[in-house]
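Trainee: Starting off with a structure, shown below.
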Amino acid sequence: MKLSVKYILIYIITVVITLSALWYEKEHKIQQHLKIESQNVEKQYNIIYNEYKKIANILYNTKINTSKVINIFKDAKSSDKIIQDKTRQKLYLELDPTYRILKNYNLKQLHFHLPDNKSFLRFHRPKKYGDDLTYARDTVNYVNNNKKKIDGFEQGKIYDGFKFVFPIFNGKEYLGSVETSFSTLALITTYQKSFYDYANFLLPKNKVKERVFKSEVSNYQQAHFESFYIEKKVNDKVSKTDLFNNMDNLGISHKEIEEKLLNKERIVLYNDLHEYHFLPVLNPVTETLEGVFIAVQKHHYITDKIKNFNTISTILILLLSISIYFLYRINIYKHNITEQNNKLNTVINEADSGIGIMDINGNFLEVNDNYSTLLGYTKDELLKLNCVDLTADEQKELAKEYLQKALKDGKLSKVHKICNKKDGSAIHLEFSLKLLPQKNAFIVVINSMEDKIQLKKLNENLIEEVGNQLNEIRHKDVILQRQSMDAAMGEMIDAIAHQWKGPLNAIKLNTQLYEFEFQYNDTPDIEKLKKVSYQIDEQIDHLLDTLESFRSFFRPDQTFEDIELSKIVESVLMLTKDELIKNNIETNITGDTDLKVSVIPNEFKHIIINLISNSKDAFNENDIKSRDITFEILKTEKNAILKVCDTAGGIPENIIDNIFKANFTTKEKGKGTGIGLYMTKQIIDKNNADVKVYSIDNGVCFEITLPCV
């Protein structure tokens with residue numbers, strides 16, 4: 001049987017709307033992911049940069065800004081060339097061992113400058129000096145003019161790098177400045193080992209050509225973009241350069257990318273396999289574009305999102321196809337039932353058998369034409385009579401027994417009965433009774449049972465079919481709920497990776513600082529080392545606490561447990577700590593924190609997680625600046641109350657009563673499914689609790705009431 005045009009149109013429209021909503025949700029999640037990853041790129045960049053800044057400060061304070069070096073350098077201002085050359089030689093001999101050691105840690109340059117911005121000594125090119133850096137080096141010019149230190153990424157006359165420029169004084173006399181510079185390779189290699197598959201720096205061509213010695217331009221080569229160079233030695237040592245060279249299918253032309261970069265715009269792009277992060281790096285003095293840091297990694301999250309979209313789309317199309325087909329079949333079935341009922345009424349009215357309805361005492365309530373015809377009475381006359389009254393005298397008692405037996409057994413089939421017609425004559429009938437489901441009346445058939453059998457079978461088949469449909473719907477609902485829980489578990493596991501990135505990186509960097517202190521200081525700073533050790537222990541404890549929290553969260557425990565309500569909230573806040581930090585959300589637990597309740601802990605955690613997730617989405621969608629979630633624990637005479645309130649803008653009064661209904665969502669079309677709060681309500685009911693929701697001045701409160709222990 002072909003589907004009608006009506007149902008084909010319904011199917012097409014439903015599929016288009018569903019797939020559009022899923023696609024929009026997928027793209028929204030991907031953009032959120034890219035935004036967070038872009039923030040992580042900058043955060044990790046700053047962490048590594050600050051570690052090299054610490055090294056530069058240590059080098060300056062322990063090796064350069066010393067009385068011995070100052071006594072040497074103070075003669076650099078002499079107008080006598082011989083004295084200057086001797087000073088340059090002494091300074092070189094004094095610091096060259098330190099410079100050579102630190103070169104192993106990517107120290108690129110150690111460079112002294114005179115107050116008039118002229119180069120005095122380059123340890124990496126000791127024979128190049130005397131050139132004016134005023135217009136080539138903004139940081140050197142800044143320090144000599146302001147006599148204050150400054151740092152940042154800057155193109156030099158030989159190499160680019162992270163420049164840390166310090167003023168040098170002899171008492172109150174200003175002698176000039178000194179620069180310690182680390183190569184971009186230092187940051188890039190650390191980045192590739194710890195975070196991303198590929199990293200590098202793009203350098204604007206105009207800056208390189210304007211500032212670099214002509215003899216040193218060969219240190220650079222053409223980058224993937226026309227207006228940028230990359231440092232040749234760095235590129236030779238960076239692995240997986242094919243990830244940078246194969247930037248295809250990004251949805252934007254290379255020319256457009258280049259224009260955005262020159263305009264100092266941060267860009268995040270992705271193709272089928274990788275995501276590309278471009279971070280503009282500005283000159284610390286002029287804030288003009290000095291370079292672009294690029295990081296590339298495989299996007300497992302985006303790949304999974306695309307796979308999930310394809311899988312869910314396929315499943316939903318299949319389910320929609322089945323649903324539309326069943327709706328069509330149900331409509332056909334209802335139509336057939338209506339037709340069959342009409343036919344049945346026709347059969348009853350036109351059947352050869354007499355069919356009627358009487359109450360349990362035998363009084364007629366309804367009869368067909370043939371029933372009155374067989375007994376010779378009119379319908380109105382029969383409706384005033386009793387079945388026993390129509391029975392022949394010798395069977396009156398038997399007729400009463402038949403009624404009792406039918407009432408007891410629910411039916412009486414094909415018994416021989418003699419009745420008196422209106423004219424006094426006897427008529428032999430094949431008499432059957434069927435007690436109606438309400439047990440307050442019988443269906444009576446005389447002379448024929450075929451129509452009654454058909455009616456009975458029809459009713460039984462209808463009840464069975466409806467029951468089957470209800471069971472199938474319930475089964476599908478269970479599957480959808482399970483899928484929802486599995487998806488939530490997937491997102492929580494994904495959170496583990498983000499939860500651990502920060503602590504692991506901090507441990508790594510503190511370990512390097514520990515090693516540096518022992519290698520390059522004759523007398524290590526014990527207090528500083530204790531502090532570093534304490535920070536490492538603190539990060540390890542954080543990792544262990546996080547692991548135990550996740551293990552506890554995923555343990556399939558379905559038993560009720562007496563537990564402090566605040567402990568459940570604290571456990572969830574531990575699980576979601578990084579997500580809260582990323583979204584700038586502050587949390588606070590107040591009230592009776594020792595109050596105990598009896599709940600299924602892991603299920604009750606899902607309630608808190610769902611409420612936090614809803615608040616987070618509302619903060620982001622409404623672009624709220626001040627983001628707070630409070631957990632207030634109160635005790636009444638018999639109950640405990642947990643109030644979860646946020647400052648995310650609230651819920652409109654005209655829809656607040658519907659938020660716990662299945663498939664209802666306050667989010668924009670395509671941004672939510674409505675299952676989160678529906679499942680929250682189901683878990684609350686299972687834990688013998690109750691919930692109400694109401695708006696406050698700048699947000700919403702969920703008030704969960706449950707019995708105290």
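The values are calculated or read from the model by the stated rules, or taken from the named source; none is laboratory data. Source: prediction; values computed, not measured. In this analysis, Cβ positions are derived from the backbone assuming ideal geometry, glycine residues included, and neighbour counts consider all displayed protein chains. Only protein heavy atoms, including side chains, enter the accessible area calculation; ligands, DNA and RNA are left aside. Shrake-Rupley method; radii C 1.70, N 1.55, O 1.52, S 1.80 Å.
Per-residue answers, yes or no, for (1) modelled with pLDDT of 65 or more; (2) under 22 Å from I47 (Cβ atoms); (3) exposed (fewer than 12 other Cβ atoms within 10 Å of the Cβ):
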residue	(1), (2), (3)
T511	yes, yes, no
P524	yes, no, no
Y534	yes, yes, yes
L547	no, no, no
F550	no, no, no
I563	yes, no, no
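Trainee: Buried (at least 19 other Cβ atoms within 10 Å of the Cβ) and at pLDDT 85 or above: is that true of C419 in this structure?
Mentor: When the stated conditions are applied, C419 passes them.
Trainee: Can I ask one more? Against the condition in contact (Cβ under 8 Å) with a residue 24 or more places away in the chain, closer than 27 Å to H299 by Cβ and open to solvent by 40 Å² or more (accessible area, probe 1.4 Å), how does T189 come out, does it pass?
Mentor: Working: in contact (Cβ under 8 Å) with a residue 24 or more places away in the chain: yes; closer than 27 Å to H299 by Cβ: yes; open to solvent by 40 Å² or more (accessible area, probe 1.4 Å): yes.
Criteria met by T189.
Trainee: Is the stretch 572-587 home to any residue that is open to solvent by less than 60 Å² (accessible area, probe 1.4 Å), in a strand (DSSP E or B) and more than 28 Å from N40 (Cβ to Cβ)? First the steps, then the outcome.
Mentor: Keep residues of the stretch 572-587 that are open to solvent by less than 60 Å² (accessible area, probe 1.4 Å), which gives 572-576, 578, 580, 582-583, 585, 587.
Next, from what is left, pick out any that are in a strand (DSSP E or B): 587.
Checking the rest, the ones that are also more than 28 Å from N40 (Cβ to Cβ) come to none.
No - not one qualifying residue is present in the stretch 572-587.
Trainee: Does T391 satisfy the criteria of being modelled with pLDDT of 85 or more, among the β-branched types (V, I, T) and open to solvent by 40 Å² or more (accessible area, probe 1.4 Å)?
Mentor: Answer is no for this residue.
Trainee: A further question on this structure: Is there a residue being assigned to a helix (DSSP H, G or I), touching a Leu at 6+ places or on another chain (Cβ under 7 Å), within 11 Å of V178 (Cα to Cα) and without any contact (Cβ under 8 Å) to a residue 60 or more places away in the chain anywhere in the stretch 79-88?
Mentor: no
Trainee: With the checklist (1) open to solvent by 40 Å² or more (accessible area, probe 1.4 Å); (2) farther than 19 Å from Q44 by Cβ; (3) at pLDDT below 90 in hand, flag the one item E265 doesn't pass.
Mentor: With respect to (1) open to solvent by 40 Å² or more (accessible area, probe 1.4 Å); (2) farther than 19 Å from Q44 by Cβ; (3) at pLDDT below 90, E265 is out only on (3).
Trainee: Where in the stretch 244-315 are there strands (runs of 3 or more DSSP E), lying wholly inside it, with at least 2 residues that are farther than 17 Å from K35 by Cβ and of a type outside the set (A, V, I, L, M, F, W, C)?
Mentor: Once the strands (runs of 3 or more DSSP E) in the stretch 244-315 are filtered for at least 2 residues that are farther than 17 Å from K35 by Cβ and of a type outside the set (A, V, I, L, M, F, W, C), what remains is 289-298.
Okay, residues lined up against (1) more than 18 Å from D272 (Cβ to Cβ); (2) open to solvent by 80 Å² or more (accessible area, probe 1.4 Å); (3) without any contact (Cβ under 8 Å) to a residue 24 or more places away in the chain; (4) under 25 Å from the mean Cα position of the chain (by Cα):
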| residue | (1), (2), (3), (4) |
| --- | --- |
| F293 | yes, no, no, no |
| V296 | no, no, no, yes |
| I302 | no, no, no, yes |
| K305 | no, no, no, yes |
| S313 | no, no, no, yes |
| L316 | yes, no, no, yes |
| L319 | yes, no, no, yes |
| S323 | yes, no, yes, no |
| F326 | yes, no, no, no |
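Trainee: Determine whether N331 is open to solvent by 60 Å² or more (accessible area, probe 1.4 Å), within 25 Å of A21 (Cβ to Cβ) and not aliphatic (A, V, I, L, M).
Mentor: Answer is no for this residue.
Trainee: Right, here's the next one. Can you pull out every residue in the stretch 19-33 that is modelled with pLDDT under 85 and either closer than 22 Å to P280 by Cβ or within 14 Å of the chain's Cα centre (by Cα) (or both)?
Mentor: Residues satisfying the conditions are K26, E27, I30, Q31, H33.
Trainee: Any idea which residue in the stretch 627-639 is farthest from T559 (Cα to Cα), counting only those that are modelled with pLDDT of 90 or more and either touching a Pro at 6+ places or on another chain (Cβ under 7 Å) or part of a loop (DSSP other than H, G, I, E, B) (or both)?
Mentor: Out of the qualifying residues, it is R627.
Trainee: Are any residues in the stretch 89-132 part of a strand (DSSP E or B) and aromatic (F, W, Y), and if so, which ones?
Mentor: Those that are part of a strand (DSSP E or B) and aromatic (F, W, Y): F112, F120.
Trainee: In this structure, does S119 turn out to be over 51 Å from the mean Cα position of the chain (by Cα) and under 24 Å from E287 (Cα atoms)?
Mentor: yes
Trainee: Answer yes if at least one residue in the stretch 27-36 is closer than 30 Å to L107 by Cα, open to solvent by less than 30 Å² (accessible area, probe 1.4 Å), out of contact with any helix residue (DSSP H, G or I) (no Cβ under 6 Å at 6 or more places or on another chain) and touching a residue at least 60 places away in the same chain (Cβ under 8 Å), and no otherwise. Steps first, answer last, please.
Mentor: Residues of the stretch 27-36 closer than 30 Å to L107 by Cα: none.
The answer is no, given that none of the residues of the stretch 27-36 is closer than 30 Å to L107 by Cα, open to solvent by less than 30 Å² (accessible area, probe 1.4 Å), out of contact with any helix residue (DSSP H, G or I) (no Cβ under 6 Å at 6 or more places or on another chain) and touching a residue at least 60 places away in the same chain (Cβ under 8 Å).
Trainee: Residues to consider are V41, V16; find the one that is at pLDDT 85 or above and loosely packed, with under 12 Cβ neighbours inside 10 Å. Step through it out loud before you land on a result.
Mentor: Values: V41 fails: loosely packed, with under 12 Cβ neighbours inside 10 Å.
One residue alone meets the criteria, V16.
Trainee: What's the number of the only condition in (1) in a helix (DSSP H, G or I); (2) open to solvent by less than 20 Å² (accessible area, probe 1.4 Å) that L433 fails to meet?
Mentor: (1)
Trainee: Whether any residue in the stretch 203-217 is under 23 Å from L95 (Cβ atoms) and in a helix (DSSP H, G or I) is what I want to check.
Mentor: Yes, that holds for at least one residue.
Trainee: Considering only the stretch 88-98, I want to know if a residue exists there that is open to solvent by 20 Å² or more (accessible area, probe 1.4 Å), of a type in the set (S, T, Y) and more than 56 Å from the chain's Cα centre (by Cα).
Mentor: yes
Trainee: Restricting the stretch 346-360 to residues that are surrounded by fewer than 22 Cβ atoms within 10 Å (Cβ to Cβ) and modelled with pLDDT of 85 or more, which is nearest to S432 (Cα to Cα)?
Mentor: This residue is I357.
Trainee: Within the stretch 131-149, is there a residue that is under 19 Å from L185 (Cα atoms), open to solvent by 40 Å² or more (accessible area, probe 1.4 Å) and not polar (S, T, N, Q)?
Mentor: no
Trainee: Mind counting the residues in the stretch 163-186 that are over 18 Å from D116 (Cα atoms) and either open to solvent by 10 Å² or more (accessible area, probe 1.4 Å) or of a type in the set (G, A, S) (or both)?
Mentor: The total comes to 5.
Trainee: Is one or more of the residues making up the stretch 597-611 of a type in the set (F, W, Y), outside any helix (DSSP H, G or I) and either at negative phi or at pLDDT 90 or above (or both)?
Mentor: Looking for residues that are of a type in the set (F, W, Y), outside any helix (DSSP H, G or I) and either at negative phi or at pLDDT 90 or above (or both), one finds none in the stretch 597-611, hence no.
Trainee: OK, next. Going by the structure shown, is K108 closer than 30 Å to F228 by Cβ, under 56 Å from the mean Cα position of the chain (by Cα) and among the basic types (K, R)? Walk me through it before giving the result.
Mentor: Working: closer than 30 Å to F228 by Cβ: yes; under 56 Å from the mean Cα position of the chain (by Cα): yes; among the basic types (K, R): yes.
Spelling it out, K108 is indeed closer than 30 Å to F228 by Cβ, under 56 Å from the mean Cα position of the chain (by Cα) and among the basic types (K, R).
Trainee: Any residue in the stretch 445-452 that is open to solvent by 40 Å² or more (accessible area, probe 1.4 Å), modelled with pLDDT under 70 and either part of a helix (DSSP H, G or I) or not hydrophobic (A, V, I, L, M, F, W, C) (or both)?
Mentor: yes
Trainee: Restricting to the stretch 60-81, count the residues that are over 60 Å from the mean Cα position of the chain (by Cα) and open to solvent by 70 Å² or more (accessible area, probe 1.4 Å).
Mentor: Counting residues in the stretch 60-81 that are over 60 Å from the mean Cα position of the chain (by Cα) and open to solvent by 70 Å² or more (accessible area, probe 1.4 Å) gives 5.
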